[in-house]
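Note sheet for the following structure.
The values are calculated or read from the model by the stated rules, or taken from the named source; none is laboratory data. Here the structure is a predicted model, which means the values were calculated and not measured. When we count neighbours, we look across all protein chains shown, and the Cβ atoms used for this are built from the backbone with ideal geometry, even at glycine. For the accessible areas, the whole protein counts, side chains as well, though only heavy atoms, and no ligand, DNA or RNA atoms are used. Shrake-Rupley method; radii C 1.70, N 1.55, O 1.52, S 1.80 Å.
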Amino acid sequence: MSSSRNNGLCVKELEVEYKSGELALGRVDFTLPEHGIYTILGPSGSGKSTLLRAVSGLLLEFRGELLFNGQSLREQDILIGLVPQNYGLLPWKTVKSNIRVAMKIAHPKGQDRRSQEAQIDRWLSAMGIQELADRYPLSLSGGQQQRVAIARAFAIMPSILLLDEPFSALDAITREALQQLFLEHWQANPTTALFVTHDVDEAILLGQKIIVLPSNKRDAPEIIDNGTVFGLEHGEKRSSDAFFAQIKRIRKVMQAKW
Amino acid sequence: MVIKRRLNYISRLLLVFFGMHVVWYALYLLVHHPMLPSPLRVYQAMGQLGVGNIVVNVGYSLMRIFAGVLLALIIGLLIGLLMGRSSLWNKLLDPVVYLTYPVPKIALLPVVMLFFGLGETSKILMIMLILIFQIIISVRDGIKAIPENTYDVLTSIGAGPGQKFWHVTLPGALSVILSTIRISLGTAISVLFFTEIYGTEHGMGFFIMDAWLRLDYPQMYAGILLFSLVGFILFLLVDLLDYRFMKWRK
Ligand SMILES: Nc1ncnc2c1ncn2[C@@H]1O[C@H](COP(=O)(O)OP(=O)(O)OP(=O)(O)O)[C@@H](O)[C@H]1O
Ligand SMILES: [Mg+2]
């Protein structure tokens, strides 16, 4: 990544407090380069979802600054794709029309109908769920809903992609398949992405850097460079020495801060 | 499978329909008095009415119900939305709804007639009055029951209030709205009957009372049957809407 310091998503001394005066998210400070992907690792309640809510504009009261390419994120018209912790599908719409609605809202003057439908079909088949196109979310398994939520987030072609523990409800095998699928599509369309997880392996497999949030919100988060693992072929990551070295390193941080 | 189950259901309905006629016929033999004519006499009387006559009367009744329901829906949806999305409005309007809800709306019929005359306005308004409080309350509760994070994805991609209403609030509250309409429809039809007794020469209420006054009992019963048909059509319509918009629940 040869981007200048200004390019990308800059999270500057961000701190969130709910009305009670209690910290929901302790101060975080990092710059995610454009077209880069960082994972955020932290124990339950450490503020991972809160961080994503602030970046996505759902939460407007925070201290610090959010910049994109050097300018305030909110003051620009930046499209954000969100995959919430609960998938966020509208239960009264079919899989296809869930994606269609998001595309129409995201791009009001977007493509004509035909190419939009083609786009939807493309993402459905990319996620291996074309046969679910006309089903309703309540009739889908958790893993299938995940795929729909991810297809939707990719389909709107956002400038920033935010994923909140998208694979947490899945069994190990489905999870690994989706991690690979996700990474392939991210590599084909490298969107500036933040990926939240509470799974150490997943954080190492998917992030160029890993931001480890502490459980004590007065402590500073640890930002761990993960370039050595990220640069490997996905299939080789798990058996590499670098992977094990990262696990050891993160465990140490966890012992100190979780 | 689905078709078979539906056929099954329809054949059961037909069976009950037929059974009711058997009971009716038995009663006719038992009572043996002009005030209870045989089914055949009544259907003959209906045949003599002529299609035009039936269509006009049924049409008037349906039109009044539709207008009343539509008005109640529009106003109820607006107020319910206001109360469901803003706690200030909820605090202001909740006591109003709470106090007026138990007032038997049919008792307001004379008042409505005083203010709005004997014409269509008072008929439609009465139906609206019957429905509106139920709709307000169910819309409000239906909207409150939608989890706040249902809006998140649309909000994050910049959806406006109109888009959120159309894609989340309305469909989310629709199931409660439909069941409220289903429940209040019976009352609305009864009220329609009362309002059609005065100030009109069309509609099923007028038709039945007119036949009664003329001591034309077969026609009176024909009217009652047609009025029931109106009710049946309305319930069918609500069921169709339910089938169309509530598919996602299964
Ligand atoms: N709406 C809210 N009002 C008050 N406090 C809140 C609210 N939402 C979250 N919090 C608090 O903020 C803190 C961070 O919550 P958050 O949901 O961001 O955690 P998380 O890291 O995403 O946890 P998990 O892994 O369980 O999803 C928690 O202490 C939580 O209780
Ligand atoms: Mg969370």
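Where the accessible area of chain B is counted over protein heavy atoms with a 1.4 Å probe, how much of it, in %, is carbon and sulfur?
Using a 1.4 Å probe with all protein chains present, chain B comes out at 74 percent carbon and sulfur.
Taking a point 7 angstrom from the Cα of B:F193 along the C-beta vector, which residues in the stretch B:217-250 have backbone N less than 11 Å away?
Residues B:224-225, B:227-228 fall inside that zone.
Quick one: helix A:241-257 against the long Cα principal axis of chain A, what's the angle to the nearest 10°, folded into 0 to 90?
The answer is roughly 70 degrees.
Using a Förster distance of 25 angstrom, determine the FRET efficiency expected from the C-beta separation of B:E201 and B:F232, and round it to 0.05.
0.55
Using a Gaussian network model on chain A with a 10 Å cutoff between Cα atoms, which of A:G231, A:G207, A:G143 fluctuates the most?
In the Gaussian network model the winner is A:G231.
How much accessible area per residue does chain A have, counting only protein heavy atoms and a probe of 1.4 Å, in square angstrom?
In whole numbers, chain A has 45 Å² accessible per residue.
What does the charge dipole of the stretch A:147-225 about its Cα centre add up to, to the nearest 20 debye, if the Cβ of each Lys and Arg holds +1 and the Cβ of each Asp and Glu holds -1?
That gives the stretch A:147-225 a dipole magnitude of about 320 debye.
Using a/c under 1.5 as the rounded threshold, could you call chain B rounded, prolate or oblate? The axes a ≥ b ≥ c are square roots of the C-alpha gyration tensor eigenvalues, and prolate needs a/b larger than b/c, oblate otherwise.
Values: a/c = 2.82, a/b = 1.62, b/c = 1.73.
Here chain B falls in the oblate category.
Build a GNM of chain B with springs between Cα atoms under 10 Å: which of B:L170, B:L114, B:L125 gets the top mean-square fluctuation?
Judging by the Gaussian network model, the answer is B:L114.
Treating only the Cβ of Lys, Arg, Asp and Glu as charged (+1, +1, -1, -1), what charge dipole size does chain B show about its Cα centre? Round to the nearest 20 debye.
Result for chain B is approximately 800 debye, rounded to the nearest 20.
Antiparallel versus total DSSP beta bridges in chain A: what percent is that, nearest 5? Don't skip to the answer; put the middle values down first.
Details: 17 of 35 bridges.
Of the beta bridges lying entirely in chain A, close to 50 percent run antiparallel.
Do any residues of the stretch A:63-94 show a loss of at least 10 square angstrom of accessible area between the isolated chain and the full protein assembly, using a 1.4 Å probe, and if so which?
With the partner chains in place, the stretch A:63-94 has these residues losing at least 10 Å²: A:L79, A:I80, A:L82, A:P84, A:N86, A:G88, A:L90, A:P91, A:W92, A:K93.
Would you list B:W24, A:W123 from the most to the least accessible area, probe 1.4 Å?
B:W24, A:W123
Name the residue, out of A:E202, A:E184, A:E15, whose mean-square fluctuation peaks in a Gaussian network model built on chain A with Cα pairs under 10 Å.
A:E184
Sort A:K48, A:K252 by heavy-atom solvent-accessible area, probe 1.4 angstrom, most to least.
Solvent-accessible surface, decreasing: A:K252, A:K48.
On a C-alpha basis, how far is the centre of the stretch A:220-258 from the centre of the stretch B:75-149 in Å? Whole number, if you could?
60
Between B:E120 and B:L88, what is the FRET efficiency for a Förster distance of 60 Å, r being their Cβ-Cβ separation, to the nearest 0.05?
E(calc), rounded to 0.05, equals 0.95.
Hey, quick one: spin label on B:N149, modelled 7 Å out along Cα-Cβ, who in the stretch A:71-97 has an amide N within reach, i.e. under 20 Å?
A:80-93
Over chain B, give the accessible area per residue in Å² for a 1.4 Å probe, as an integer.
About 57 Å² of surface per residue is accessible.
Evaluate E = 1/(1 + (r/R0)^6) for A:D134 and B:F66, where r is the Cβ-Cβ distance and R0 equals 41 Å; express this FRET efficiency to the nearest 0.05.
According to the calculation, E is roughly 0.80.
Determine the distance separating the Cα centre of the stretch A:2-81 from the Cα centre of the stretch B:1-74; give it in Å without decimals.
Rounded to whole Å, the Cα centres lie 65 Å apart.
Could you work out the mean count of beta carbons from other protein chains within 10 Å of each residue's beta carbon in B:144-156?
For this peptide, the per-residue mean of nearby foreign Cβ atoms is 6.
Under the rule a/c < 1.5 gives rounded, and otherwise a/b versus b/c splits prolate from oblate, where does the stretch B:85-225 land using the Cα gyration tensor?
prolate
Could you state how much accessible area B:K164 has, in square angstrom rounded to the nearest 10, with a 1.4 Å probe and all protein chains kept in place?
About 50 Å², ignoring ligands and nucleic acids.
Mind putting a number on the dipole of the protein assembly as shown about its Cα centre? Charges go on the C-beta only, +1 for Lys and Arg and -1 for Asp and Glu, and I need it in Debye to the nearest 20.
Charge dipole of the protein assembly as shown: 700 debye, to the nearest 20.
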